[in-house]
1. Compute the long axis of helix 262-275 from its Cα atoms, compare it with the longest principal axis of the Cα atoms of the chain, and write down the angle in degrees, 0 to 90, nearest 10.
2. Principal axis extents for the range 54-292, Cα atoms only, whole Å, descending order, please.
3. Can you compute the modelled spin-label distance between Arg65 and Glu235, with each label point 7 Å from Cα toward Cβ, in nm?
4. Compare His365, His110, His71 in a GNM of the chain, Cα atoms joined below 10 Å, and give the one with the largest fluctuation.
5. Given a cut-off of under 8 Å on Cα pairs at least six residues apart, what relative contact order in percent is computed for the range 54-292?
6. Could I have the simple spin-label model distance between Ala167 and Asp96, label points 7 Å from Cα toward Cβ, reported in nm to one decimal?
7. Please work out how many pairs of lysine residues in the chain are eight or more positions apart (or on different chains) and have Cα atoms closer than 23 angstrom.
8. Taking the chain as a Gaussian network, where each spring joins two C-alpha atoms under 10 Å apart, which residue of Ala286, Ala364, Ala318 fluctuates the most?
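Throughout, read-outs are computed from the coordinates displayed, never taken from laboratory work. All values derive from a computational prediction rather than experimental measurement. Ideal geometry is used to build each Cβ from the backbone, glycine not excepted, and the neighbour counts take in all protein chains shown.
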Amino acid sequence: MAEASTATRRVAAVLTSLEPSATLAVDAAAKQLRQDGVPVISFGAGEPDFPTPDPIVEAAIAACRDPAMHHYTPTAGLPALRAAICAKTSRDSGFDATADRVIVTNGAKHAVFTALTALLDPGDEVLIPSPYWTTYPEVARLVGGKPVAVVTTPASGFLASVADLEAARTERTKVLIFNSPCNPTGSVYPAALVTQIGQWAAANDLWVLCDEIYEHLVFGDTVQTSMPVAVPELEGRAIIVNGVAKTYAMTGWRIGWLIGPTDVIDAATTFQSQVTSNISNISQRAALAALEGDLSAVAEMRAAFDRRRTTMTSMLNAIDGVTCVVPDGAFYCFPDVTGLLGRELSGHRVTTTAELAEALLATAHVATVPGEAFGAPGHLRLSSAISDADLVEGVHRIAQFAAG
Ligand SMILES: Cc1ncc(COP(=O)(O)O)c(C=O)c1O
């Protein structure tokens, strides 16, 4: 069929080809079914199942009462918050920056969008190790870039090597997106590999966009390494994306940020001044209280996620046709379920993981996100940000479904 002409097309082509967020869609479908009275257990959510700690909430209430917070504030963020982001980053990863290198955004998702808008010209290529967070390729495409997936597998612990990345690099490659700990696989790059990849990026004049949103969610002896700290030669070409969502159970408050060279931050601030003005002052004050406080909330959550990853992986690995790598970080399991495809499962014969996720929701009332959303068909993503009891019941239902 001929493409609609500019005059007849109601919605811009760039948006009609944009994929909706699969994770948000699964979450919405699960919530809707629950509202309809179906006892759904959802492994879809990418957010901690804890309330935001009280002192943070109190700071927001105080901000509501402060008339200075009732008006526009600087586009790049409240000065105190930008300073606190620098102090926090220096404390947690060892990366030192000044406040003029920080812009506060509407969540880390918005930081990724802003960073790629600031960096990409049409046709510029973005290397994205796959499985990847579902937003990266869509946003790269949205701003005119070309996402290039670099496939990794369970055999390598879902870690890309320099050779994998080099094989995907072309003259048009501009940015590497580096997410460790990784959503959806939970893989965490060891320090030596972070250094090798960073040195390779620096040697090839690439930019690195380091999404460190899960920095505090690493388990056992695992250590998160910030690439621009390990490879100072990346100075001038490194962007750090982070936020309060996962560390302080603040997904709904929508505060993230990016740290980068001043030319990128200045360009991003000009862009933001035309698009959003400033980010909500109330949320910024809440984020400030979070960053000025200690890390006790995340320590508590980390203990729960650690316990649950062990339970979840051992229960999943006990299901015939399912194998699951034990994640070192974040709060997801990403089992390989190809052994279930093509088999008779509780009256369903599914051939893709998208169909499997649909059948699980309809029949076992368990919501999962199919691997297709992360560039990795054959897998399901299960969040462990769910109560221990629901987690056990939910995986039990999957086991019964697979055995039925
Ligand atoms: C890897 C990664 N980066 C960024 C985000 C977005 O965080 P925020 O809620 O701050 O936008 C998520 C959320 O799921 C994520 O998994």
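1. Value to nearest ten degrees: 80.
2. 55, 42, 29
3. Computed distance between label sites Arg65 and Glu235 equals 4.6 nm.
4. Result for the chain, Cα springs under 10 Å: His71 fluctuates most.
5. Rounded, it is 29 percent for the range 54-292.
6. Using points 7 Å along Cα→Cβ, the separation is 4.1 nm.
7. Qualifying lysine pairs in the chain: 8.
8. Taking springs between Cα atoms under 10 Å, the residue moving most is Ala318.
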